[in-house]
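The values are calculated or read from the model by the stated rules, or taken from the named source; none is laboratory data. Just so we're clear, the structure is a prediction, and the values are computed from it rather than from any experiment. Cβ sites come from the backbone with ideal geometry, for glycine too, and all protein chains shown count toward neighbours. These accessible areas exclude ligands, DNA and RNA; they are computed on the full protein's heavy atoms, side chains included. Shrake-Rupley method; radii C 1.70, N 1.55, O 1.52, S 1.80 Å.
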Amino acid sequence: MENKKTELIRGLGLTAAVMIVAGSMIGSGIFRKPATMAGQLLSPELLIIIWILAGLITFIGALVNAELAGFIHDTGGQYVYFRKMYGDGLAFFYGWSVLAVVQTGSQAAIAYVFAEYLGYFFQYPQLPQAWQGFSVYMPFVGNIHPFIDFGTKAIAIGCIIFLTTVNYLGVVFGGAVQTVVTFVKIATIILLSALLFTFGNGSFSNIYTGFQVPSETINNLFAVIGLALAGAFWAYDGWNNVTFVAGEIKEPQKNVPKALLYGTLIVIGVYVLINFAFLYVLPVDVMADSPLVAASAAEVIFGAAGASIISIAVIISTFGALNGSLLATARVHYAMAKDKLFFSPLSKIHPKFGTPHISLLIQGIWSSVLVLSGSFDTITDYVIFAAWLFYMLGAYGVIILRKKMPGVHRPYKVWGYPYTPWIFIIFSFLFLVNTVISDSEDAAMGMILILLGLPFYLYWKYWVKKKE
């Protein structure tokens, strides 16, 4: 009993923290979204501009959050920030959304791509047509078909279960897995880019066409740019995961802000590089018809063998991203439960492994349910809408805390304040408005999952606390 653990363990250094940032971002999006975005924009120049713009906006978001991470370094990350900014109400809805849609939906989508690329090597069995035709109707959203492509979904759920078990066994173990896998996938993307430029027999005319943008893109420019940004933001999403595990990072006041900045810059560089390489060997119209774009690009050089190698690399990449998300996110529900704003069992620490094991299990179960809710693109679109709603509120919260807590020492202050947060806030608002206009069904799905938390909040805030 002397070794019984009752608190989380500070076992993660700066390298592990940077790898959580980069590894949580580099996952399924960069290997899946370029094709979707190419089909929306139909212009290589616009495609590259969107990747750079989305990266810069994401970096601004990381800068803003780095200020908060410098002086608020409790486990739970942005949930804790929201509680200090806005009080229990918005903090609860943020934490609820993390469980209901933002992070669990992200995990479902990443696991889905893991299974898709694994399917490059195996033919998955499918359920009878009668099962595939089964649907559940959701108001404002439409019909959901949980059993379509069930072979892929079953493998995705299996991956979630496996990595939930890994993180159940300890944060240091999970962090080590994250570091190794992230190094491998960054090296793989850089190597693939170099090989495509060296042996791809492509053309720089695929990258620069003199901005010959098709008329169908110009006629719907605002909408298609918004949709393409949603795809890019999905690929960049996950940068804030490291704040969730701040209570398990050594010297968090220094290492969490550094991890946010270093990790985000690494990913921007890697993403822009690989998109140049994709376009070099695949003209934008060909890329649009290549959903597994990394495999298609490698196939140009090495044939089927190259596509197999890249598919393995993508499997490793998505595996690492899923691990990082599962490791980090469970700490949000743990922190909420400790504050008596969520189910009390989720605040328990495993006596042997020192992990929030109940929180990990609940998260894994709900992520698996969301795998059944739709295709990869459907899941990612409603996740991004919900995520950016809270990113916008979080950036505004920096301004609130500057006024509410002026005397608190801030080891890092966001560069360009107050203009930098306001740029992020305004951009986020415009992005959300465009999403509601151009993709109303997925925006509705995101809002429904967020608002489902209302009765739970009323229960914990007024009924449970009243009884106390």
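Within the stretch 271-289, the set of residues being open to solvent by 10 Å² or more (accessible area, probe 1.4 Å) and within 17 Å of Ala235 (Cα to Cα) comprises Val272, Leu273, Phe276, Ala288.
Looking at Ile312, Ile274 in this structure, which one is modelled with pLDDT under 90 and farther than 28 Å from Val414 by Cα?
Among Ile312, Ile274, only Ile312 is modelled with pLDDT under 90 and farther than 28 Å from Val414 by Cα.
Taking the criterion of being free of Cβ contacts under 8 Å to residues at least 24 places away in the same chain and open to solvent by 40 Å² or more (accessible area, probe 1.4 Å), would at least one residue in the stretch 386-396 satisfy it?
No, the stretch 386-396 has no match at all.
In the list Ser344, Ser367, which residue meets the criterion of being among the hydroxyl-bearing types (Ser, Thr, Tyr), within 30 Å of Tyr459 (Cα to Cα) and surrounded by 21 or more Cβ atoms within 10 Å (Cβ to Cβ)? Exactly one of Ser344, Ser367 is among the hydroxyl-bearing types (Ser, Thr, Tyr), within 30 Å of Tyr459 (Cα to Cα) and surrounded by 21 or more Cβ atoms within 10 Å (Cβ to Cβ), namely Ser367.
Remark: pairs (first residue in the stretch 41-54, touching a residue at least 40 places away in the same chain (Cβ under 8 Å); second residue open to solvent by 10 Å² or more (accessible area, probe 1.4 Å) and among the hydroxyl-bearing types (Ser, Thr, Tyr); Cβ separation under 9 Å; 6+ apart in sequence or on different chains) = Ser43/Thr209; Pro44/Tyr208; Pro44/Thr209; Glu45/Tyr208; Glu45/Thr209. The stretch 43-135 holds helices (runs of 4 or more DSSP H) entirely within its bounds, and those carrying 3 or more residues that are of a type in the set (S, T, N, Q) and open to solvent by less than 10 Å² (accessible area, probe 1.4 Å) map to 103-118.
If the condition is being at pLDDT 90 or above and crowded, with 20+ Cβ neighbours inside 10 Å, then the stretch 397-424 contributes Gly397, Val398, Pro421, Phe424. Screening Ile190, Ile218, Ile186 for residues that are open to solvent by less than 70 Å² (accessible area, probe 1.4 Å), β-branched (Val, Ile, Thr) and in a helix (DSSP H, G or I) leaves exactly one candidate, Ile186.
Conditions tested, residue by residue: (1) more than 30 Å from Val286 (Cβ to Cβ); (2) among the aromatic types (Phe, Trp, Tyr); (3) out of contact with any Leu (no Cβ under 6 Å at 6 or more places or on another chain).
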position	(1), (2), (3)
Met25	no, no, yes
Ala66	yes, no, no
Ala69	yes, no, yes
Asp74	yes, no, yes
Gly77	yes, no, yes
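Looking only at helices (runs of 4 or more DSSP H) that fall completely inside the stretch 377-468, which ones have 1 or more residues that are among the charged types (D, E, K, R)?
Ranges flagged: 440-451.
With respect to the conditions (1) over 23 Å from Ile312 (Cα atoms); (2) buried (at least 24 other Cβ atoms within 10 Å of the Cβ); (3) at pLDDT 85 or above, Ala235 falls short on a single one, namely (1). Within the stretch 359-369, does at least one residue satisfy the condition of being closer than 24 Å to Ile160 by Cα, small (Gly, Ala, Ser) and without any contact (Cβ under 8 Å) to a residue 40 or more places away in the chain? Yes.
Among the residues examined, Phe204 qualifies as open to solvent by 40 Å² or more (accessible area, probe 1.4 Å), within 20 Å of Trp51 (Cβ to Cβ) and either of a type in the set (Phe, Trp, Tyr) or in contact with a Leu (Cβ under 9 Å, 6 or more places away or on another chain) (or both). Taking Gly158 as the residue in question, decide whether it is part of a helix (DSSP H, G or I), under 27 Å from the mean Cα position of the chain (by Cα) and at pLDDT below 85. Considered against the rule, which asks whether it is part of a helix (DSSP H, G or I), under 27 Å from the mean Cα position of the chain (by Cα) and at pLDDT below 85, Gly158 comes out as no. Are any of the residues in the stretch 306-329 under 24 Å from the mean Cα position of the chain (by Cα), surrounded by 22 or more Cβ atoms within 10 Å (Cβ to Cβ) and not in a helix (DSSP H, G or I)? Checked against the condition, which is being under 24 Å from the mean Cα position of the chain (by Cα), surrounded by 22 or more Cβ atoms within 10 Å (Cβ to Cβ) and not in a helix (DSSP H, G or I), the stretch 306-329 yields no hits at all. Can you name every residue in the stretch 425-453 that is open to solvent by 80 Å² or more (accessible area, probe 1.4 Å) and under 28 Å from Asp88 (Cβ atoms)? Residues satisfying the conditions are Ile426, Phe429, Leu451, Leu452.
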